[in-house]
Amino acid sequence: MYKLLKTEGAARRGEFETVHGTVQTPAFMNVATAGAIKGAVSAYDLRELKCQVQLCNTYHLHLRPGDGTVKKLGGVRKFTGWDGPVLTDSGGFQVFSLAKLRRIREEGVTFASHVDGRRIFMGPEESIRIQSNLGSTIAMAFDECVENPAEYAYAKNSCARTARWLERCKAEMNRLNVLEDTLNPNQLLFGINQGCTFADLRIEHMKRIAALDCDGYAIGGLAVGEPAEEMYHIIESIEPFMPKDKIRYLMGVGTPANILEAVRRGVDLFDCVMPSRNARHGHAFTMEGCRNLLNAKYELDEAPLEEGCSCPACQKFSRAYIHHLFKAGEMLAMRLTVMHNLFFYNNLLEKIRKSLDEGAFEGFYKENVEKLSRRI
Ligand SMILES: [Zn+2]
(Lines give C-alpha, C1' and ligand atoms only; values in the text may rest on other atoms or scores of the structure.)
Protein backbone atom coordinates (compact mmCIF):
# COMPACT_ATOMS: atom_id res chain seq x y z
CA MET A 1 0.00 0.00 0.00
CA TYR A 2 1.13 3.56 -0.63
CA LYS A 3 2.66 5.58 2.21
CA LEU A 4 3.25 9.29 1.62
CA LEU A 5 6.49 10.16 3.43
CA LYS A 6 7.07 13.77 2.47
CA THR A 7 5.92 16.50 0.08
CA GLU A 8 7.57 19.54 -1.47
CA GLY A 9 5.02 21.65 -3.31
CA ALA A 10 2.97 19.05 -5.21
CA ALA A 11 5.97 16.64 -5.45
CA ARG A 12 5.67 13.51 -3.32
CA ARG A 13 8.20 11.16 -1.73
CA GLY A 14 6.63 7.85 -0.83
CA GLU A 15 6.82 4.08 -0.47
CA PHE A 16 4.63 1.53 -2.20
CA GLU A 17 4.45 -1.79 -0.41
CA THR A 18 3.57 -4.92 -2.40
CA VAL A 19 3.81 -8.67 -1.72
CA HIS A 20 6.80 -8.75 -4.09
CA GLY A 21 8.76 -5.92 -2.45
CA THR A 22 8.57 -2.25 -1.50
CA VAL A 23 9.01 0.40 -4.21
CA GLN A 24 10.61 3.72 -3.28
CA THR A 25 8.81 6.51 -5.14
CA PRO A 26 9.00 8.48 -7.36
CA ALA A 27 10.13 5.49 -9.44
CA PHE A 28 10.71 4.52 -13.06
CA MET A 29 9.54 1.10 -14.28
CA ASN A 30 11.71 -0.70 -16.83
CA VAL A 31 9.83 -1.95 -19.89
CA ALA A 32 10.32 -5.63 -20.79
CA THR A 33 7.73 -5.74 -23.58
CA ALA A 34 7.55 -9.46 -24.34
CA GLY A 35 9.39 -10.49 -21.16
CA ALA A 36 12.75 -9.02 -22.14
CA ILE A 37 14.19 -5.51 -22.36
CA LYS A 38 14.79 -4.81 -26.05
CA GLY A 39 18.56 -4.67 -26.66
CA ALA A 40 19.40 -8.09 -25.13
CA VAL A 41 19.06 -7.00 -21.49
CA SER A 42 17.68 -9.57 -19.02
CA ALA A 43 16.04 -9.40 -15.60
CA TYR A 44 19.43 -10.32 -14.12
CA ASP A 45 20.97 -7.22 -15.68
CA LEU A 46 18.11 -5.12 -14.26
CA ARG A 47 19.30 -5.84 -10.73
CA GLU A 48 22.57 -4.05 -11.51
CA LEU A 49 20.68 -1.14 -13.07
CA LYS A 50 18.81 -0.01 -9.92
CA CYS A 51 15.52 -1.21 -11.42
CA GLN A 52 12.68 -1.49 -8.90
CA VAL A 53 9.75 -2.60 -11.07
CA GLN A 54 9.69 -4.55 -14.33
CA LEU A 55 6.80 -3.82 -16.71
CA CYS A 56 5.56 -6.49 -19.10
CA ASN A 57 3.00 -6.15 -21.87
CA THR A 58 -0.14 -8.25 -21.56
CA TYR A 59 -0.98 -8.06 -25.27
CA HIS A 60 2.43 -9.39 -26.35
CA LEU A 61 2.56 -12.19 -23.75
CA HIS A 62 -1.03 -13.18 -24.52
CA LEU A 63 -0.14 -13.64 -28.21
CA ARG A 64 3.27 -15.22 -27.52
CA PRO A 65 3.88 -17.55 -25.68
CA GLY A 66 0.29 -17.32 -24.32
CA ASP A 67 -0.69 -16.45 -20.75
CA GLY A 68 -1.73 -20.09 -20.10
CA THR A 69 1.85 -21.15 -20.88
CA VAL A 70 3.31 -18.44 -18.63
CA LYS A 71 1.00 -19.58 -15.80
CA LYS A 72 2.13 -23.22 -16.22
CA LEU A 73 5.72 -21.97 -15.95
CA GLY A 74 5.02 -20.24 -12.64
CA GLY A 75 4.02 -16.74 -13.78
CA VAL A 76 5.83 -13.84 -15.39
CA ARG A 77 8.23 -13.28 -12.45
CA LYS A 78 9.53 -16.83 -12.41
CA PHE A 79 9.43 -17.05 -16.23
CA THR A 80 11.60 -13.93 -16.72
CA GLY A 81 13.83 -14.48 -13.67
CA TRP A 82 12.79 -11.22 -11.99
CA ASP A 83 11.78 -11.61 -8.34
CA GLY A 84 10.75 -7.99 -7.67
CA PRO A 85 7.41 -6.34 -8.42
CA VAL A 86 6.02 -6.60 -11.96
CA LEU A 87 3.36 -4.37 -13.48
CA THR A 88 1.40 -5.68 -16.45
CA ASP A 89 -0.49 -3.25 -18.66
CA SER A 90 -4.03 -4.17 -19.71
CA GLY A 91 -3.30 -4.78 -23.38
CA GLY A 92 -5.60 -1.88 -24.24
CA PHE A 93 -2.90 0.40 -25.59
CA GLN A 94 -1.55 -2.28 -27.98
CA VAL A 95 -5.06 -3.36 -29.04
CA PHE A 96 -5.72 0.24 -30.07
CA SER A 97 -2.28 0.96 -31.56
CA LEU A 98 -0.94 -2.31 -33.05
CA ALA A 99 -3.89 -4.52 -33.81
CA LYS A 100 -5.78 -4.22 -37.05
CA LEU A 101 -9.52 -4.27 -37.85
CA ARG A 102 -10.76 -3.55 -34.36
CA ARG A 103 -14.41 -3.28 -33.43
CA ILE A 104 -15.36 -1.72 -30.11
CA ARG A 105 -18.57 -2.66 -28.34
CA GLU A 106 -19.77 -2.39 -24.74
CA GLU A 107 -18.52 -5.95 -24.06
CA GLY A 108 -15.00 -5.26 -25.32
CA VAL A 109 -12.90 -5.18 -28.47
CA THR A 110 -12.57 -7.68 -31.30
CA PHE A 111 -9.31 -7.33 -33.20
CA ALA A 112 -6.90 -9.14 -35.49
CA SER A 113 -3.54 -10.19 -34.01
CA HIS A 114 -0.64 -8.24 -35.54
CA VAL A 115 1.39 -11.51 -35.43
CA ASP A 116 -0.78 -13.91 -37.42
CA GLY A 117 -4.04 -12.06 -38.14
CA ARG A 118 -6.16 -14.36 -35.98
CA ARG A 119 -9.30 -12.77 -34.50
CA ILE A 120 -9.19 -12.17 -30.76
CA PHE A 121 -11.77 -10.74 -28.37
CA MET A 122 -10.61 -8.79 -25.33
CA GLY A 123 -12.80 -7.07 -22.78
CA PRO A 124 -12.28 -6.09 -19.13
CA GLU A 125 -12.77 -9.68 -17.86
CA GLU A 126 -10.43 -11.19 -20.47
CA SER A 127 -7.70 -8.62 -19.75
CA ILE A 128 -7.88 -9.25 -15.99
CA ARG A 129 -7.94 -13.04 -16.48
CA ILE A 130 -4.81 -12.83 -18.66
CA GLN A 131 -3.03 -10.61 -16.11
CA SER A 132 -4.07 -12.99 -13.33
CA ASN A 133 -2.54 -15.88 -15.32
CA LEU A 134 0.65 -13.85 -15.72
CA GLY A 135 0.66 -13.44 -11.91
CA SER A 136 1.91 -9.85 -11.95
CA THR A 137 2.08 -7.71 -8.82
CA ILE A 138 -0.01 -4.91 -10.33
CA ALA A 139 -2.65 -5.30 -13.03
CA MET A 140 -3.94 -2.36 -15.04
CA ALA A 141 -7.60 -1.81 -15.84
CA PHE A 142 -8.73 -2.33 -19.44
CA ASP A 143 -9.43 1.05 -21.04
CA GLU A 144 -9.97 2.57 -24.45
CA CYS A 145 -7.05 4.64 -25.70
CA VAL A 146 -8.71 7.27 -27.88
CA GLU A 147 -6.74 8.73 -30.75
CA ASN A 148 -5.44 12.27 -30.34
CA PRO A 149 -6.93 14.69 -31.31
CA ALA A 150 -10.43 13.37 -30.61
CA GLU A 151 -13.96 14.71 -30.97
CA TYR A 152 -15.39 15.87 -27.63
CA ALA A 153 -18.57 13.78 -27.92
CA TYR A 154 -16.59 10.63 -28.75
CA ALA A 155 -14.17 11.23 -25.86
CA LYS A 156 -17.07 11.75 -23.45
CA ASN A 157 -18.78 8.46 -24.41
CA SER A 158 -15.47 6.61 -24.35
CA CYS A 159 -14.70 7.89 -20.82
CA ALA A 160 -18.05 6.70 -19.53
CA ARG A 161 -17.43 3.26 -21.04
CA THR A 162 -13.89 3.09 -19.61
CA ALA A 163 -15.39 3.84 -16.16
CA ARG A 164 -17.93 1.01 -16.61
CA TRP A 165 -15.10 -1.27 -17.76
CA LEU A 166 -13.16 -0.45 -14.57
CA GLU A 167 -16.10 -1.66 -12.45
CA ARG A 168 -16.07 -4.93 -14.42
CA CYS A 169 -12.26 -5.25 -14.03
CA LYS A 170 -12.61 -4.83 -10.29
CA ALA A 171 -15.38 -7.42 -10.01
CA GLU A 172 -13.38 -9.93 -12.08
CA MET A 173 -10.22 -9.40 -10.03
CA ASN A 174 -12.15 -9.84 -6.76
CA ARG A 175 -13.51 -13.11 -8.15
CA LEU A 176 -10.10 -14.40 -9.31
CA ASN A 177 -8.14 -13.34 -6.21
CA VAL A 178 -10.06 -15.81 -4.00
CA LEU A 179 -9.71 -18.82 -6.34
CA GLU A 180 -7.42 -21.57 -5.13
CA ASP A 181 -5.13 -21.78 -8.17
CA THR A 182 -4.59 -18.01 -8.59
CA LEU A 183 -0.85 -17.30 -8.82
CA ASN A 184 -0.97 -13.96 -6.97
CA PRO A 185 -4.08 -13.72 -4.78
CA ASN A 186 -2.83 -10.30 -3.65
CA GLN A 187 -2.77 -8.83 -7.17
CA LEU A 188 -3.41 -5.08 -7.14
CA LEU A 189 -5.57 -3.13 -9.59
CA PHE A 190 -4.87 0.39 -10.87
CA GLY A 191 -7.64 2.41 -12.53
CA ILE A 192 -6.77 4.60 -15.54
CA ASN A 193 -7.92 8.18 -16.05
CA GLN A 194 -8.87 9.09 -19.62
CA GLY A 195 -10.50 12.07 -21.31
CA CYS A 196 -8.04 13.08 -24.04
CA THR A 197 -7.00 16.71 -23.68
CA PHE A 198 -10.38 17.87 -22.31
CA ALA A 199 -9.78 18.97 -18.71
CA ASP A 200 -13.48 18.80 -17.74
CA LEU A 201 -13.80 15.20 -19.00
CA ARG A 202 -10.55 14.26 -17.25
CA ILE A 203 -11.78 15.69 -13.92
CA GLU A 204 -15.24 14.14 -14.17
CA HIS A 205 -13.70 10.75 -15.02
CA MET A 206 -11.13 11.02 -12.21
CA LYS A 207 -13.86 11.72 -9.65
CA ARG A 208 -15.84 8.75 -10.86
CA ILE A 209 -12.95 6.25 -10.73
CA ALA A 210 -11.59 7.64 -7.43
CA ALA A 211 -14.88 6.53 -5.85
CA LEU A 212 -14.10 2.92 -6.86
CA ASP A 213 -11.21 2.71 -4.37
CA CYS A 214 -8.56 1.14 -6.63
CA ASP A 215 -5.05 0.33 -5.33
CA GLY A 216 -3.55 3.10 -7.47
CA TYR A 217 -4.46 5.53 -10.22
CA ALA A 218 -2.86 6.03 -13.61
CA ILE A 219 -3.13 8.87 -16.10
CA GLY A 220 -3.41 7.33 -19.57
CA GLY A 221 -3.70 8.69 -23.08
CA LEU A 222 -1.06 11.40 -22.73
CA ALA A 223 2.28 11.78 -24.54
CA VAL A 224 0.53 10.73 -27.74
CA GLY A 225 1.60 13.70 -29.83
CA GLU A 226 0.16 16.65 -27.89
CA PRO A 227 2.61 19.42 -26.87
CA ALA A 228 4.34 18.82 -23.50
CA GLU A 229 2.74 22.00 -22.07
CA GLU A 230 -0.70 20.56 -22.75
CA MET A 231 0.24 17.35 -20.95
CA TYR A 232 1.49 19.32 -17.91
CA HIS A 233 -1.74 21.34 -17.90
CA ILE A 234 -3.84 18.15 -17.86
CA ILE A 235 -1.80 16.71 -14.97
CA GLU A 236 -2.28 19.95 -13.00
CA SER A 237 -6.01 19.91 -13.70
CA ILE A 238 -6.64 16.37 -12.41
CA GLU A 239 -4.06 16.24 -9.60
CA PRO A 240 -6.36 17.81 -6.97
CA PHE A 241 -8.92 15.07 -7.69
CA MET A 242 -6.49 12.14 -7.41
CA PRO A 243 -6.66 10.44 -3.98
CA LYS A 244 -3.68 11.63 -1.86
CA ASP A 245 -3.31 8.22 -0.20
CA LYS A 246 -2.94 6.28 -3.49
CA ILE A 247 0.05 5.91 -5.80
CA ARG A 248 -0.15 7.88 -9.10
CA TYR A 249 1.26 6.61 -12.37
CA LEU A 250 1.77 8.61 -15.58
CA MET A 251 1.73 6.04 -18.37
CA GLY A 252 4.32 6.03 -21.16
CA VAL A 253 6.16 9.21 -20.10
CA GLY A 254 8.72 10.28 -21.09
CA THR A 255 11.95 12.27 -21.51
CA PRO A 256 14.05 12.94 -18.37
CA ALA A 257 12.71 16.54 -18.36
CA ASN A 258 9.09 15.31 -18.74
CA ILE A 259 9.61 13.09 -15.68
CA LEU A 260 11.06 15.94 -13.62
CA GLU A 261 8.13 18.19 -14.61
CA ALA A 262 5.58 15.48 -13.76
CA VAL A 263 7.15 14.70 -10.35
CA ARG A 264 6.86 18.42 -9.64
CA ARG A 265 3.13 18.10 -10.42
CA GLY A 266 2.55 15.16 -8.06
CA VAL A 267 3.23 11.98 -10.08
CA ASP A 268 4.89 8.93 -8.40
CA LEU A 269 5.40 6.30 -11.08
CA PHE A 270 6.59 6.28 -14.70
CA ASP A 271 7.38 3.95 -17.56
CA CYS A 272 8.68 4.59 -21.05
CA VAL A 273 10.41 2.76 -23.89
CA MET A 274 12.49 5.88 -24.55
CA PRO A 275 15.69 4.86 -22.68
CA SER A 276 15.90 1.53 -24.51
CA ARG A 277 14.59 2.72 -27.88
CA ASN A 278 16.88 5.77 -28.03
CA ALA A 279 19.84 3.63 -26.93
CA ARG A 280 19.26 1.29 -29.85
CA HIS A 281 19.58 4.31 -32.14
CA GLY A 282 22.87 5.34 -30.51
CA HIS A 283 21.52 7.99 -28.13
CA ALA A 284 22.89 8.00 -24.58
CA PHE A 285 21.27 10.12 -21.85
CA THR A 286 23.46 12.07 -19.41
CA MET A 287 22.80 14.77 -16.80
CA GLU A 288 24.34 17.25 -19.31
CA GLY A 289 22.01 16.19 -22.14
CA CYS A 290 21.70 13.51 -24.81
CA ARG A 291 24.77 12.20 -26.67
CA ASN A 292 24.64 10.75 -30.21
CA LEU A 293 27.26 8.01 -30.29
CA LEU A 294 27.19 7.75 -34.07
CA ASN A 295 28.82 11.19 -34.19
CA ALA A 296 32.36 11.15 -35.64
CA LYS A 297 33.68 13.23 -32.73
CA TYR A 298 33.63 10.08 -30.52
CA GLU A 299 36.06 8.12 -32.74
CA LEU A 300 39.02 8.74 -30.40
CA ASP A 301 37.10 9.66 -27.22
CA GLU A 302 38.32 7.47 -24.37
CA ALA A 303 35.89 8.80 -21.77
CA PRO A 304 32.91 6.64 -20.65
CA LEU A 305 29.37 7.44 -21.94
CA GLU A 306 28.94 9.66 -18.88
CA GLU A 307 31.74 10.78 -16.54
CA GLY A 308 31.18 9.48 -13.02
CA CYS A 309 28.40 7.03 -14.06
CA SER A 310 28.57 3.74 -12.15
CA CYS A 311 26.58 1.65 -14.67
CA PRO A 312 28.16 -1.59 -16.01
CA ALA A 313 28.86 -0.01 -19.44
CA CYS A 314 30.62 3.09 -18.07
CA GLN A 315 32.73 0.98 -15.71
CA LYS A 316 34.68 -0.64 -18.55
CA PHE A 317 33.99 0.84 -21.97
CA SER A 318 34.81 4.07 -23.80
CA ARG A 319 32.71 6.24 -26.12
CA ALA A 320 35.20 5.38 -28.87
CA TYR A 321 34.64 1.63 -28.42
CA ILE A 322 30.83 1.94 -28.36
CA HIS A 323 30.95 4.33 -31.36
CA HIS A 324 32.93 1.62 -33.20
CA LEU A 325 30.43 -1.10 -32.15
CA PHE A 326 27.53 0.95 -33.59
CA LYS A 327 29.45 1.52 -36.85
CA ALA A 328 30.24 -2.20 -37.07
CA GLY A 329 26.62 -3.16 -36.37
CA GLU A 330 27.55 -5.16 -33.28
CA MET A 331 24.70 -6.15 -30.94
CA LEU A 332 26.90 -5.23 -27.99
CA ALA A 333 26.60 -1.55 -28.96
CA MET A 334 22.88 -1.66 -28.21
CA ARG A 335 23.20 -3.79 -25.10
CA LEU A 336 25.77 -1.46 -23.48
CA THR A 337 23.88 1.71 -24.38
CA VAL A 338 20.51 0.31 -23.24
CA MET A 339 22.10 -0.64 -19.91
CA HIS A 340 23.53 2.84 -19.50
CA ASN A 341 20.22 4.55 -20.34
CA LEU A 342 18.13 2.37 -18.01
CA PHE A 343 20.65 2.95 -15.23
CA PHE A 344 20.52 6.67 -16.02
CA TYR A 345 16.70 6.77 -15.66
CA ASN A 346 16.65 4.66 -12.48
CA ASN A 347 19.50 6.74 -11.05
CA LEU A 348 17.79 10.01 -12.00
CA LEU A 349 14.73 8.92 -10.03
CA GLU A 350 17.01 8.01 -7.10
CA LYS A 351 18.49 11.54 -7.26
CA ILE A 352 14.96 12.99 -7.31
CA ARG A 353 14.03 10.92 -4.23
CA LYS A 354 17.18 12.06 -2.44
CA SER A 355 16.43 15.71 -3.21
CA LEU A 356 12.89 15.24 -1.85
CA ASP A 357 14.29 13.59 1.30
CA GLU A 358 16.50 16.61 1.81
CA GLY A 359 13.77 19.15 1.01
CA ALA A 360 15.88 20.27 -1.98
CA PHE A 361 13.72 19.14 -4.91
CA GLU A 362 12.95 22.61 -6.24
CA GLY A 363 16.67 23.41 -6.41
CA PHE A 364 17.37 20.07 -8.13
CA TYR A 365 14.59 20.79 -10.63
CA LYS A 366 15.86 24.29 -11.47
CA GLU A 367 19.46 23.13 -11.82
CA ASN A 368 18.70 20.22 -14.16
CA VAL A 369 15.49 20.65 -16.15
CA GLU A 370 17.08 22.68 -18.98
CA LYS A 371 20.32 20.69 -19.13
CA LEU A 372 18.49 17.36 -19.41
CA SER A 373 16.84 18.43 -22.68
CA ARG A 374 20.08 19.44 -24.40
CA ARG A 375 21.81 17.62 -27.23
CA ILE A 376 25.55 17.37 -26.66
ZN1 LIG B 1 26.73 4.67 -17.64
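State whether the chain is rounded, prolate or oblate according to the following rule on the C-alpha gyration tensor (a ≥ b ≥ c being the square roots of its eigenvalues): a/c under 1.5 gives rounded; otherwise a/b larger than b/c gives prolate, and the remaining case gives oblate. Prolate. Of the residues 108, 160, 85, the one whose Cα sits farthest towards the positive end of the charge dipole of the chain is 108 (charges of +1 on Lys and Arg Cβ, -1 on Asp and Glu Cβ, taken about the Cα centre).
Quick one: dipole size for the range 281-373, taken about the Cα centre, charges +1 on Lys/Arg Cβ and -1 on Asp/Glu Cβ, in debye to the nearest 20.
On the way: 11 positive and 13 negative charges, 56 e Å.
Computed charge dipole of the range 281-373: roughly 280 debye.
Counting only protein heavy atoms and a probe of 1.4 Å, the accessible surface of the range 2-272 is 52% carbon and sulfur. Using a Gaussian network model of the chain in which every pair of alpha carbons under 10 angstrom is joined by a spring, one finds that among 253, 23, 115 the greatest mean-square fluctuation is at 115. Remark: the range 234-376 carries 42 Å² of accessible area per residue (probe radius 1.4 Å; ligands, DNA and RNA excluded).
Grouping the Cα pair distances of the range 281-373 into 10 Å bins from zero gives a pair-distance distribution of 17, 46, 25, 11, 1 percent in increasing distance order. Taking 0.36 nm per residue of separation and subtracting the current Cα-Cα distance, fully stretching the chain between residue 97 and residue 302 would add 69.6 nm.
Taking Cα centre as origin and charging only the Cβ of basic (Lys, Arg, +1) and acidic (Asp, Glu, -1) residues, the dipole magnitude of the range 5-71 rounds to 80 debye.
Treating r as the C-beta distance of residue 330 and residue 112 and R0 as 45 Å, the FRET efficiency rounds to 0.80. Excluding same-chain neighbours fewer than eight residues apart, the aspartates and glutamates reachable from residue 71 by a Cα-Cα span under 20 Å are 83, 89, 125, 126, 172, 180, 181. Counting only lysines at least 8 places from residue 351 when in the same chain, those with an alpha carbon closer than 26 Å to its own are 3, 6, 38, 50, 244, 246, 316, 366, 371.
Rolling a 1.4 Å probe over the protein heavy atoms leaves residue 358 with an accessible area of roughly 120 Å².
Annotation: amide H of residue 218 within the under-5 Å range of 191, 192, 193, 249, sequence separation 5 or more or interchain, hydrogens built in the peptide plane. Remark on residue 91: its backbone amide H falls under 5 Å from those of 58, 59, a criterion applied only to residues 5 or more positions apart or on other chains, H modelled at 1.01 Å from N.
How about the range 151-239: which trypsin sites (Lys or Arg not before Pro) there lie in a loop by DSSP and see at most 12 other Cβ atoms within 10 Å? If you can, show how the numbers build up before the last one.
Numbers: sites: 156, 161, 164, 168, 170, 175, 202, 207, 208; in loops: none.
Passing both the DSSP loop test and the Cβ count: no residue.
Each residue of the range 22-29 was assigned a 3J(HN,Hα) from its phi angle through the Karplus curve 6.51 cos²θ - 1.76 cosθ + 1.60 (θ = phi - 60°); the sequence is 9, 9, 7, 10, x, 9, 10, 9 Hz, with glycine and proline shown as x.
The values are calculated or read from the model by the stated rules, or taken from the named source; none is laboratory data. This structure is a prediction, so every number in the text was calculated from the model and none was measured. Please note: Cβ atoms are built from the backbone with ideal geometry, for glycine as well, and neighbour counts cover all protein chains shown. Remember, those area values only see protein heavy atoms, side chains included, never the ligands or the DNA or RNA. Shrake-Rupley method; radii C 1.70, N 1.55, O 1.52, S 1.80 Å.
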